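Read through the structure below, which is laid out as structure tokens, and then see the notes.
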Amino acid sequence: MGTQVYLGIGSNLNRDNAILFAIEQLQPLFSDFKRSPVYESKAIREAEPNFLNMVVGGVTELSLDELYKSLKAIEERAGCELMMHNSTNFGLKHRLDIDILVFGDTVCTEPCKLPRHDIQDYPFVTIPLNDIAPDLEHPILKIKVKELCEQMLPHIPENRQVQKVDFDFNRAAPAWNGSEN
């Protein structure tokens, strides 16, 4: 039967390759795999480079614990590298962040908090989620994603705006294995 899942993907380090790597690694975990367009957003910490974000969804046969462990393993395989931006050394940073937004109607705090607050708090999650699942009902708020998006859009501050980017999904993903490049 499986469980409908939506994941948020983000990267501000080796961004294009990180997105391609995530898609390649995630697709086999799901049937009916969908992906949103890619959006660019400013980092919360102003000195950091901009992020690329997207949402993917599909049906998985994995349990929540199995999926969570699989996502952490994918993040580890994506590896880390030194982040230098505008002459600032941010140290060694992960290339990829993957968050479970919803796992069916599950409400829990372990192994992660679900549903994830990002759905209603961050345009870089709400807008791409609306692209692929506008009729998804938030398990706690009982509001559809399209309604959350409609409520959010007029109130997004200038520094939190997101822009859809032209992204080439047809390039080959890197063969990262957790090593630094």
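Every number in this text was worked out from the coordinates using simple rules, so none of it is lab data. This one's a predicted model, so the numbers in the text were calculated from it and none came from an experiment. Here the Cβ positions follow ideal geometry from the backbone for every residue, glycine too, while neighbour counts run over all protein chains shown.
Residues of segment 131-181 that are of a type in the set (S, T, N, Q) and more than 25 Å from residue 74 (Cα to Cα): 151, 159, 161, 163.
Of the helices (runs of 4 or more DSSP H) entirely within segment 51-162, those holding at least 2 residues that are within 21 Å of residue 1 (Cα to Cα) and within 19 Å of the chain's Cα centre (by Cα) occupy 64-78.
Quick one: is residue 10 in contact (Cβ under 8 Å) with a residue 40 or more places away in the chain, touching a Lys or Arg at 6+ places or on another chain (Cβ under 8 Å) and either over 18 Å from residue 177 (Cα atoms) or of a type in the set (D, E, K, R) (or both)? No; evaluated as a whole, the condition is false for this residue. Out of 118, 105, 97, one residue alone is within 15 Å of residue 15 (Cα to Cα), acidic (Asp, Glu) and in contact (Cβ under 8 Å) with a residue 12 or more places away in the chain. It is 97.
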